Each structure stands twice: as structure tokens, then as C-alpha cells.
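Asker: Sharing a structure below in C-alpha cells format, with a few things to ask.
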């Protein structure tokens, strides 16, 4: 019987993985709050670790052959700390739910949906044409700029184009896509910003993208433009984004990723050191855009595939790094 440890958030995928495994694995789960001795005991005989984080604090055992990241992002994975003998893979399946979320929120912003619902529930007809209320906007005809044309960027582009949105993109690798009218090189980001009504951040967080959207770049956006961050909070300079929104220098923001997250010490923190929740031009959600039933099925299938492949000595998918020793 092979052993795999699901650590922290990755434990949520245990039922979906178990349902799709075809080889004998013992799946164990531990919370992030596990003690060093609990971790050492669980990892001592584990062939696979399924996790969203990896650093030198983890007491890796001698049996470890696979570090399976239970997500696409690698910003919490210290590859240098992973033993050279281990495979490193990640998992996708997030793009479908996140693309639906992006479209839903863009539609909600254009149609002033949340404000309209709240106003009418409070007894006002001010948003209605019956009392001469102002018309709300349509999404068709808007221009969406996408920073990062990976799986998420492409999925959003396809759905947005189907609704009549003109899609532009900026990517590190120039690649065409039928839903994207124009793909610009990474160096041309500044020229993209003044052209868009919505700006979607869909790139990975790394040394080159941390702080990518700062006060200077926010100033390049049109006054009505809406920033959508589904990537990672620190891609935006926190203070600069808050100031631009508070002073209404941009039209608004749709934020699903943050700078602060729950921990055992603080299970329900405010997601920022700034009061984004007080701003009326921000739609904010708790990093939940990908957290769908379909995500569990798809990621569970990919992780189960890799556990089966490891057990059978077959090729793994979504490979990040092969063993070097």
C-alpha cells in the first residue's frame, strides 16, 4: 500500500482523489496547524505529498517521490527545498469556474446589479426607467485587456468574446488565440492599459510581476476602467490600488485575491491593511472564484492520475520538475 499525505487546503480534494484512484493508496490528511512531530510522522513513510505550500520547514521523509501541488500557482512552493529525487507537478481545472466568475462580475459591474438589488430591496425605484432613472451599461462592445494569456486568460477571452467583448492581451510569449483580437508583448503593457474598459490580471506571481500594477500604471487606465484581480494580491501595490479606488481615479475593482489570509493565529482577518470593504466601487470575494464542484472533479482526476502513474511507473502530467538525482 502506497502512502500519500494531503496537507492543509489540499485535504479538501481527498474524496475526489479517492473516488478516481485506480491503484492502492493510503491517503492521510493533516491541517496546516499540525505539529512538527505530527508532520514528521506522517511524512516518514509518504511517497507523495499533496500540498499548496512547501518550504524547508517541512520534515521530508526518505520515501518522498512526488510533490503534487494541489493548484496551479507555485508562489508558495520553494522548489529549491524539494528533494532532487522528487517529481514536482501542479494541477489545473480552475479556469472554467474562474472564467464564469469573471464574466458574472463584469456583467454585474456594467449593469450595476448589486447596487440595483440593494436599492430596490430598500424600497427605492431610482434605478428604474419608470421614474426616469439612469440607464445602466451593457457589456457587449466593451474592451477587455488580459494580462497573462494562460489557461485562465484564454478561458475568459473565449467567454467574453462570445458576448461581444473585444479582447486584447499582453503575454510574455506571443501566441495567437481566435478569441483575442490582438496579443501584445510583455514590454507593451503600458500601451495596453489606456485602451481597456476592464483589465484582468491572470498572470503568475513571481519576481517580475510582484508590484506590476502600481500607481504609475493605474494612472494609465481610463477613469471608468475596472481592474479585475483573479491572480494574486501582491501583483498590485496594495496602497496604490486602494488610493486609486478611494479617490475614484479608476472606475472600480473586482478583487478575489488578497494580501492577508486566514491562519491558525487569525482565522478571520480583514484581507488587507486598507479598508477596501468601505469602498462602494469594489466587488470583493474571499478567493473563491475557482472553488466550484467542477474544480474538485477536475483536480481530483489529475492528482489521482499522477498517483496512479507513480505507482505504475508511468509518465506524470502537469510536470514542473523531473527528478535530477
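The values are calculated or read from the model by the stated rules, or taken from the named source; none is laboratory data. Keep in mind that what you see is a predicted model, and the values were worked out from it rather than measured. For neighbour counting, all protein chains shown are included, and Cβ atoms are generated from backbone atoms with ideal geometry for every residue, glycine included.
Asker: Tally up the residues in segment 11-27 that are more than 17 Å from residue 309 (Cβ to Cβ) and over 26 Å from the mean Cα position of the chain (by Cα), please.
Answerer: Number satisfying all stated conditions: 1.
Asker: Which number in (1) in a loop (DSSP other than H, G, I, E, B); (2) touching a strand residue (DSSP E or B) at 6+ places or on another chain (Cβ under 7 Å); (3) not assigned by TED's automatic domain parsing to the domain that holds residue 187 marks the one condition that residue 257 misses?
Answerer: Tallying (1) in a loop (DSSP other than H, G, I, E, B); (2) touching a strand residue (DSSP E or B) at 6+ places or on another chain (Cβ under 7 Å); (3) not assigned by TED's automatic domain parsing to the domain that holds residue 187, residue 257 fails exactly one: (3).
Asker: If you check 266, 240, 280, which single one turns out to be modelled with pLDDT of 95 or more and loosely packed, with under 14 Cβ neighbours inside 10 Å?
Answerer: 280
Asker: So, in segment 269-300, exactly how many residues are within 17 Å of residue 9 (Cα to Cα) and not in a loop (DSSP other than H, G, I, E, B)?
Answerer: Summing the residues that are within 17 Å of residue 9 (Cα to Cα) and not in a loop (DSSP other than H, G, I, E, B) in segment 269-300 gives 8.
Asker: If you don't mind, there's one more thing I want to ask. For segment 156-192, enumerate the residues that are in contact with a helix residue (DSSP H, G or I) (Cβ under 8 Å, 6 or more places away or on another chain), surrounded by fewer than 20 Cβ atoms within 10 Å (Cβ to Cβ) and assigned to a helix (DSSP H, G or I).
Answerer: Residues satisfying the conditions are 158, 159, 189, 190.
Residue by residue, here is whether (1) within 23 Å of residue 256 (Cα to Cα); (2) over 18 Å from the mean Cα position of the chain (by Cα); (3) without any contact (Cβ under 8 Å) to a residue 24 or more places away in the chain holds:
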| site | (1), (2), (3) |
| --- | --- |
| 100 | yes, no, no |
| 104 | yes, no, yes |
| 150 | yes, no, no |
| 181 | no, yes, yes |
| 185 | no, yes, yes |
| 196 | yes, yes, no |
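Asker: When you scan segment 235-250, do you find a residue that is within 17 Å of residue 148 (Cβ to Cβ) and not in a loop (DSSP other than H, G, I, E, B), even just one?
Answerer: yes
Asker: Also: Among the residues of segment 193-208, how many are in a loop (DSSP other than H, G, I, E, B) and either surrounded by fewer than 17 Cβ atoms within 10 Å (Cβ to Cβ) or touching a helix residue (DSSP H, G or I) at 6+ places or on another chain (Cβ under 8 Å) (or both)?
Answerer: Summing the residues that are in a loop (DSSP other than H, G, I, E, B) and either surrounded by fewer than 17 Cβ atoms within 10 Å (Cβ to Cβ) or touching a helix residue (DSSP H, G or I) at 6+ places or on another chain (Cβ under 8 Å) (or both) in segment 193-208 gives 7.
Asker: Surrounded by 15 or more Cβ atoms within 10 Å (Cβ to Cβ), at pLDDT below 95 and farther than 30 Å from residue 46 by Cβ: which single residue out of 96, 115 fits that description?
Answerer: Only one candidate passes the filter, namely 115.
Asker: Determine which member of the set 178, 185 is more than 25 Å from residue 299 (Cα to Cα) and touching a strand residue (DSSP E or B) at 6+ places or on another chain (Cβ under 8 Å).
Answerer: Only one candidate passes the filter, namely 185.
Asker: Take segment 301-325 and flag every residue that is surrounded by fewer than 15 Cβ atoms within 10 Å (Cβ to Cβ) and part of a helix (DSSP H, G or I).
Answerer: Residue satisfying the conditions is 312 alone.
This table checks each residue for (1) modelled with pLDDT of 95 or more; (2) over 18 Å from residue 83 (Cβ atoms); (3) surrounded by fewer than 19 Cβ atoms within 10 Å (Cβ to Cβ).
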| position | (1), (2), (3) |
| --- | --- |
| 12 | yes, yes, yes |
| 18 | yes, yes, yes |
| 24 | yes, yes, yes |
| 35 | no, yes, yes |
| 38 | no, yes, yes |
| 48 | yes, no, no |
| 59 | no, no, yes |
